[in-house]
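Below is one structure, written out as structure tokens; comments come after it.
We did not get these values from a lab; they are worked out from the coordinates using the rules stated. Just so it is clear, the structure is predicted and the values come from calculations on it, not from any experiment. Note that each Cβ is placed from the backbone with ideal geometry, even for glycine, and that neighbours are counted across all protein chains shown.
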Amino acid sequence: RFDALADMFGVQKVRKTANEYYLVAAGLPDAEILPTAEQRACGIAGFGFAMINIMNIINIELAEYGISFSCQVGIHSGSAIAGIIGHKTFQYDLCGDAVNTAARMCSYSKPSHINISEATYQLLNHRYGAVPRGELNVKGKGKMQTYFLLNMPIETQEALAVQQHQNAVTMSFVDRWARKGNKGTNGSTKRLN
């Protein structure tokens with residue numbers, strides 16, 4: 001199912017599952033499919049959310065067996081060295097710091113979440129909302145700023161933040177008013193208009 005999703009999103013499965021990872025890259029085999037770094041990051045992010053969503057469907061199908069799976073996703077953007085195996089059916093393998101960092105982003109993620117590096121955040125912050133996780137001490141990398149990617153446009157995240165702030169201010173005002181025990185001169189509670 002992941003292979004079918006990879007085709008839909010224009011990303012290339014790089015190698016067989018390595019340990020628990022399913023590794024894909026954008027820009028292979030044809031760099032023109034997703035020509036810019038921004039488009040490649042968007043393709044990978046869309047693929048990541050699709051993986052999480054398809055896992056929910058798989059779990060519905062497996063419920064009668066008492067089995068359920070979860071998936072967590074990590075994304076990093078950068079350059080890597082590609083190796084091609086075969087003459088007819090190409091198999092890609094990647095190595096380099098970007099691949100190792102992507103694996104770390106995955107291992108520091110949580111089930112049903114996409115954890116992204118600062119480099120990926122800079123490519124996606126105009127399209128997707130994100131929740132900063134602060135600096136994590138990432139094994140072999142040191143301190144890194146990471147984010148949980150949200151499956152919503154940045155405008156929606158900003159609108160929700162404004163709405164939550166307004167609700168907090170309103171609740172705060174109502175709570176303060178109620179604590180003071182504001183009563184009218186005839187003993188009735190004052191109304192807020």
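Given (1) of a type in the set (D, E, K, R); (2) out of contact with any Ser or Thr (no Cβ under 9 Å at 6 or more places or on another chain); (3) free of Cβ contacts under 8 Å to residues at least 40 places away in the same chain, identify the lone condition not met by R127.
The failed condition is (3).
Please work out which one of (1) β-branched (V, I, T); (2) part of a helix (DSSP H, G or I); (3) touching a strand residue (DSSP E or B) at 6+ places or on another chain (Cβ under 8 Å) is the condition I84 fails and give its number.
The single condition I84 does not satisfy is (2).
So I85 ticks every box in (1) out of contact with any Phe, Trp or Tyr (no Cβ under 7 Å at 6 or more places or on another chain); (2) touching a residue at least 60 places away in the same chain (Cβ under 8 Å); (3) of a type in the set (A, V, I, L, M) but one. Which box is left unticked?
So I85 meets the others, but not (2).
With respect to E32, is the statement that it is more than 22 Å from N100 (Cβ to Cβ), among the charged types (D, E, K, R) and touching a helix residue (DSSP H, G or I) at 6+ places or on another chain (Cβ under 8 Å) true? Lay out the reasoning, then the answer.
Numbers: more than 22 Å from N100 (Cβ to Cβ): yes; among the charged types (D, E, K, R): yes; touching a helix residue (DSSP H, G or I) at 6+ places or on another chain (Cβ under 8 Å): no.
Taking the combined requirement at face value, the residue does not satisfy it.
Please work out which residue is farthest from A130 (Cα to Cα), limiting yourself to region 25-77 and to residues that are of a type in the set (D, E) and assigned to a loop (DSSP other than H, G, I, E, B).
From region 25-77, those of a type in the set (D, E) are 30, 32, 38, 61, 64; that's our starting set.
Going one step further and asking which of them are assigned to a loop (DSSP other than H, G, I, E, B), we end up with 30, 32.
Details: D30: 29, E32: 28 Å.
Per the stated criteria, the residue is D30.
Could you grab me the full set of residues in region 1-24 that are aliphatic (A, V, I, L, M) and in a strand (DSSP E or B)? Let's see the steps before the verdict.
Kept after step one, since they are aliphatic (A, V, I, L, M), are these residues of region 1-24: 4-6, 8, 11, 14, 18, 23-24.
V11, A18, V24 - these are the residues of region 1-24 that are aliphatic (A, V, I, L, M) and in a strand (DSSP E or B).
Is it true that some residue in region 55-73 is under 21 Å from Q122 (Cβ atoms), aliphatic (A, V, I, L, M), in contact (Cβ under 8 Å) with a residue 12 or more places away in the chain and surrounded by fewer than 20 Cβ atoms within 10 Å (Cβ to Cβ)?
First pass over region 55-73, keeping only residues under 21 Å from Q122 (Cβ atoms): 73.
Filter again for aliphatic (A, V, I, L, M), leaving 73.
Those still in the list that are in contact (Cβ under 8 Å) with a residue 12 or more places away in the chain too: 73.
Those still in the list that are surrounded by fewer than 20 Cβ atoms within 10 Å (Cβ to Cβ) too: none.
Checking region 55-73: not a single residue is under 21 Å from Q122 (Cβ atoms), aliphatic (A, V, I, L, M), in contact (Cβ under 8 Å) with a residue 12 or more places away in the chain and surrounded by fewer than 20 Cβ atoms within 10 Å (Cβ to Cβ).
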